[in-house]
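Step one of this worksheet: look at the structure below.
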Amino acid sequence: MAFDKMELKDIEVWDGNFAAAQAMRQCQIDVVAAYPITPSTPIVEGYAKFLADGYVEGEFVMVESEHAAMSGCIGAAAAGGRVATATSSQGFALMVETLYQASGMRLPIVLNVVNRALAAPLNVNGDHSDMYLGRDSGWIQFDAYCPQDAYDLNFIAFKVSEDHDVRLPCMVHQDGFITSHTAQGVHTLSDDVAYSFVGDFKPMNDMLDFEHPVTHGVQTEEDWHFEHKARQHNDLMTKVMPKIQTAFDDFEKLSGRKYNIVETYDMDDADVCVVCMGTSVETAREVATEMRKEGIKAGVVGIRVIRPFPFFEIAKALKNVKAIAALDRSSPNGTAGMLFNEIAGSLYNTEKRALLSGYVYGLGGRDLTKAHLVALFKELQANVDAGKVTTQLQQFIGVRGPKLAYL
């Protein structure tokens, strides 16, 4: 069956959800198995409409739960198809069991995660609780800061995930509502150019290749389980970073848009900096620029690749800074935040260890304002002036009632 091509303007006004759906259309997904959940529903809804309108030659499978959605994707990928879906929050939590199946079986599935708070209490707005929940599931993970990123990173995700030296599933994260439902100008690729970048899907070890029988979903117990996980962690994940960098470089040549494993802004001479993810990166950049007018040498580091975590790239980006704030948009529930801990791990054995403090912010969709970041940068400068952290180690930004801190 032939499919129609869609004529796109050089710049289209899309929100993050529609940008991701368009990228999925242009990649010509064979199977999307999905169960809708706010705020990611428009991604799979958009793909289903493209399919119904004849723009995609594939299958849309409506299932009874998010667990079943990923299970369907696993089956389709094991059978040799290009596969993708999307989810958020409680749906992502229901998928978690199957995420480990997908990575352990080395199935190149792309999952768009529109980040949303986890209940209870119930909340449909964006924070990074689901992102943090799935961080150690063996998936490669990218972070989009805006609709343009959500579009571009889907192509890069398929390119890396389907590489036969990698063959690991991949997530593309974006912030619920702030990115997913906010329309911005998105620079597009033509259908032919986009598909050419990703390329034809080349199955490997697929169950329907009857000339080369394979087994999926084996049981190993103590005799080989350790070796399987160690090789997946050590051999495969160490190969991923060079593949990502190559994909970023190739995409820049194609589109002119440059992505980095770690994004740095005004870090050449920065004394203080914020490390964050998602839409907060752009807000922090704007405030850092304003802080420099007040004499504070402020910079921003944005994490683009969450897994594998870029320890060495982080250490390089922060090597000359004096005070750092790690911004975690998820409640750590009795410990320091994930980003705080991983930055600490990146810096611990370096010659210069900057003063590091943690901030929890934006839970359940609470705004991170410029005023919050102005106060934060001034606290960091006070740390530099005092030569020590002058506040409690972890604070909560913008919480109502008395000021809260931990550690």
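The values are calculated or read from the model by the stated rules, or taken from the named source; none is laboratory data. Fair warning: this is a prediction, and the values are worked out from it, not measured in the lab. Note that we place each Cβ from the backbone using ideal geometry, even for glycine, and neighbour counts take in every protein chain shown. These area figures cover heavy atoms from the full protein model, side chains too; ligands, DNA and RNA do not enter into them. Shrake-Rupley method; radii C 1.70, N 1.55, O 1.52, S 1.80 Å.
Summary table below
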item	result
Rounded percent of accessible protein surface that carbon and sulfur make up, the chain, 1.4 Å probe	53
Highest average packing first - 228-236, 88-96, Cβ atoms within 10 Å	88-96, 228-236
Pairwise FRET efficiency - Glu64 versus Ala120, Cβ, R0 = 25 Å, nearest 0.05	0.60
Cut-off under 5 Å, modelled amide H: who pairs with His173 long-range	Val113, Phe142, Asp143, Ala144
Proximal charge balance of Ile43 [Cβ under 12 Å; K/R count +1, D/E count -1]	0
In Hz, Karplus ³J(HN,Hα) per residue of region 380-386 (6.51, -1.76, 1.60; θ = phi - 60°; x = Gly, Pro)	4, 5, 5, 4, 4, 5, 8
Length released on extending from Lys293 to Arg231, taking residue separation times 0.36 nm less the Cα-Cα span	17.4 nm
Placed amide H near Val61: partners under 5 Å, 5+ positions off or other chain	Val32, Ala33, Ala34
Beta bridges per DSSP with both ends in the chain, % antiparallel, nearest 5	25
Over 22 Å (Cα to Cα) - which of Lys243/Lys319; Lys49/Lys258; Lys293/Lys322; Lys378/Lys403; Lys370/Lys403; Lys352/Lys388 fall in this group	Lys243/Lys319; Lys49/Lys258
Rounded to the nearest 10 Å², the accessible area of Glu313 at probe 1.4 Å	70
Karplus-derived HN-Hα couplings along region 142-152 (A = 6.51, B = -1.76, C = 1.60, θ = phi - 60°), whole Hz, x at Gly and Pro	10, 10, 9, 9, 7, x, 4, 5, 4, 5, 5
Amide H partners (placed H, <5 Å) of Gly299, local residues excluded	Val272, Cys273, Val274
Heavy-atom accessible area order for Glu379, Glu286, Glu222, largest first, 1.4 Å probe	Glu222, Glu286, Glu379
Average accessible area per residue (Å²) across the chain - probe 1.4 Å, nucleic acids and ligands excluded	44
Residue-by-residue Karplus 3J(HN,Hα) for region 356-373, coefficients 6.51, -1.76, 1.60, Hz, glycine and proline x	10, 10, x, 9, 9, 8, x, 5, x, x, 4, 5, 9, 8, 4, 4, 4, 6
Burial ranking of peptide ranges 148-154, 206-212, 108-114, 314-320 (average Cβ count within 10 Å, highest at the top)	108-114, 148-154, 314-320, 206-212
